[in-house]
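Asker: After the structure tokens below, expect a handful of questions from me.
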Amino acid sequence: MELRINRRALVGLGIAAALTASSFALLRTEPGTTSSHREAPTIAGDPRNDNTDVYAFVSPDKADTVTLLANWIPFQEPNGGPNFYTFDTKSRYNIKIDNDGDAQPDITYQWTFRDEDRRGNDTFLYNNGPVTSLDDQNLLFRQRYTLKRITSQGARTLVSGGIVAPSNVGPASMPDYGTLRAQALKGLPGGGKTFAGQADEAFFLDLRVFDLLYGGNLSEVGQDTTKGYNVNSLAVQVPAEDLALKGDAKRNPVIGVWSTTDKWGPNGYTQVSRLGNPLVNEVVAPAGLKDAFNALPPAKDADVPALVKRVTDPEVPRLLESIYGIKAPATPRADLVEIFLTGIAKANGPIKADLNSQTLNKDAGKLRPAEMLRLNMAIPPAKDPNRLGVLAGDLQGFPNGRRLGDDVVDIELQALAGAAQSGKLVPGLTDKVDMNDKPFLQSFPYIPLPSNVAVNQR
């Protein structure tokens, strides 16, 4: 597919895309659209169901495949035993794909879990000796999972009885955690891989943004708030044609991606968390709408006027103006509407670029505006990835999907400050956390191994 991009438009595109993702994510009432750590009152008290981040990118070492990765359970202190970090056995964890633009999931990868607990009344220990394999008898607690692929044709079980990589207790208990990670990788029928287990918290940022936007004078920057913490990850790597509309990734290269958590309760399964673009629920939705956003499906986004207004007239630019004197862009923000709800295409709005809207798919029907992370699978991996993604001319980066190394905070800050319209970056507007503290891996699932050192020793 030929990409026709106006370079000046790209600057605005990258910034606006990040901002739009944040703004429009508010339109949904599910908990957690992208980097969402404790983003809503209810989900903050239910960490096992709190979806923190979603990533979608063309696999850098296998360009005919796409990697989809989502994280749960934020701020895991590595030494937090004796009961470490487990998926909820009463919940369904989902990564969803819309490939025709109607905002409905055409494909869902769904994980469910069960416990194997051999401790009983004999011990409080997670393991009673060194663990050298996933089936080691010294591992007294483990989780197993079932992975299904769900489409309009029904549900197909891809993995039954898969083993979750355990929490990294420490070097005495797990002297070679890399071996445990490798054993947790599972092949999928027809090609592809999946992974479930603990991993490094790879989302890098300074969360002191909530202290009056970095202290009111940009003095509170440069500290990676999530350094040393872990998360629980779920990932799949599948051929691009497995995700594309009609199985044709050349004619229909664009997909929309989001994740959800469905929790079992008195009324059956209820969606309690949702995540697509980063930092949407945190900084776009007001407190009174956050829980509702976590429960809303993308197809309903455009039907919630109060949330739409938070996109077309977002709060953060007004805060930047009042605190830092950075003039807020004029509203309504049509650029953000395009980036967040429709994807980026010349026919969709003011951004004159064809990048990642499902309208670029040859076989797509009428587009339903909705917030989700959109990825053009036809754009190959960048030889020299830039942390600012599309903003810096790297078309494979955020907001065209999201890679582990994309600096979504800086991109979104600049967008909120108006760089999307001016085409110029605001000097000094950065959290000064430009990369993760651990290097990313060169093969699936790419996310680093979990830490086993206490955060307060770092």
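Nothing in this text is a laboratory measurement; each read-out follows from the coordinates by a stated rule. Keep in mind it's a predicted model, so treat the numbers as computed, not measured. When we count neighbours, we look across all protein chains shown, and the Cβ atoms used for this are built from the backbone with ideal geometry, even at glycine.
Asker: Any idea how far the Cα center of the stretch 421-458 sits from the one of the stretch 170-215, in Å?
Answerer: A separation of 13 Å, based on Cα centres.
Asker: Any of K90/K290; K193/K362; K62/K227; K290/K438; K62/K186 with alpha carbons more than 20 Å apart? Name them for me. Let's see the in-between values first.
Answerer: On the way: K90/K290 23 Å; K193/K362 28 Å; K62/K227 29 Å; K290/K438 32 Å; K62/K186 17 Å.
Checking Cα-Cα distances, K90/K290; K193/K362; K62/K227; K290/K438 exceed 20 Å.
Asker: Another question, then. Taking the number of other C-beta atoms within 10 Å as the exposure measure, put E412, E220 in order starting with the fewest.
Answerer: On the way: E412 31, E220 19.
Taking fewest neighbouring Cβ atoms as first place, the list is E220, E412.
Asker: Which helices count as membrane-span-like in the chain under these terms: full DSSP H, at least 20 Å along the axis by C-alpha, Kyte-Doolittle mean of -1.0 or more? Walk me through the numbers before you get to the answer.
Answerer: Values: long enough: 7-25 (26 Å, 1.14).
Membrane-span-like by this rule: 7-25.
Asker: OK, next. Amide H of D53 versus every other amide H placed in the peptide plane: which residues, excluding those fewer than 5 positions away on the same chain, fall under 5 Å?
Answerer: S36, N71
Asker: Further question: From the Cα gyration tensor of the stretch 264-306, with a ≥ b ≥ c the square roots of its eigenvalues, which class applies: rounded if a/c is under 1.5, or else prolate if a/b is larger than b/c, or else oblate? Please list the in-between numbers first.
Answerer: Values: a/c = 1.81, a/b = 1.60, b/c = 1.13.
Taking the square roots of the gyration eigenvalues as a ≥ b ≥ c, the stretch 264-306 is prolate.
Asker: For K424, which lysines qualify as cross-link partners when the Cα separation must be under 27 Å and same-chain residues fewer than eight apart are set aside?
Answerer: Correct list for K424: K309, K327, K346, K352, K383, K432.
Asker: May I ask you to sort W258, W264 by Cβ crowding, counting other Cβ atoms within 10 Å and putting the fewest first? It would help to have the intermediate numbers written out before the result.
Answerer: On the way: W258 31, W264 13.
Placing the least packed residue first, the sequence is W264, W258.
Asker: Related question: Let me make sure I get this right: for the stretch 56-114, a, b and c are the square roots of the gyration tensor eigenvalues over alpha carbons, sorted descending. Under 1.5 in a/c it's rounded, otherwise prolate if a/b > b/c, else oblate. Which is it? Can you show the working numbers first?
Answerer: Working: a/c = 2.99, a/b = 1.64, b/c = 1.82.
Oblate, because a/c is 1.5 or more while a/b does not exceed b/c.
Asker: Work out, step by step, the length gained on full extension between I326 and D211: first 0.36 nm times the residue separation, then minus their alpha carbon distance; give nm to one decimal. Kindly include the intermediate steps, with their values, before the conclusion.
Answerer: Working: separation 115, 0.36 × 115 = 41.40 nm, distance 1.77 nm.
Between I326 and D211, full extension yields an extra 39.6 nm.
Asker: Answer rounded, prolate or oblate for the stretch 135-241, using the Cα gyration tensor with square roots of eigenvalues a ≥ b ≥ c: rounded when a/c is under 1.5, else prolate when a/b is larger than b/c, else oblate.
Answerer: Note, shape of the stretch 135-241 comes out oblate.
Asker: Students often check this: by mean Cβ neighbours within 10 Å, which of 94-107, 72-85, 180-193 ranks highest, and how do the rest follow? Intermediate results must be reported in sequence, preceding the final value.
Answerer: Working: 94-107: 22.1, 72-85: 18.9, 180-193: 16.2.
The most tightly packed comes first, giving 94-107, 72-85, 180-193.
Asker: Among R310, R402, R318, rank each residue by its count of other Cβ atoms within 10 Å, from fewest to most, as a rough exposure measure.
Answerer: Numbers: R310 25, R402 28, R318 13.
Fewest-to-most ranking of R310, R402, R318: R318, R310, R402.
Asker: When only Cα pairs under 8 Å and 6 or more residues apart are kept, what is the percent relative contact order across the chain?
Answerer: Values: 1255 pairs, mean separation 135.7, N = 458.
Reported relative contact order: 30 percent.
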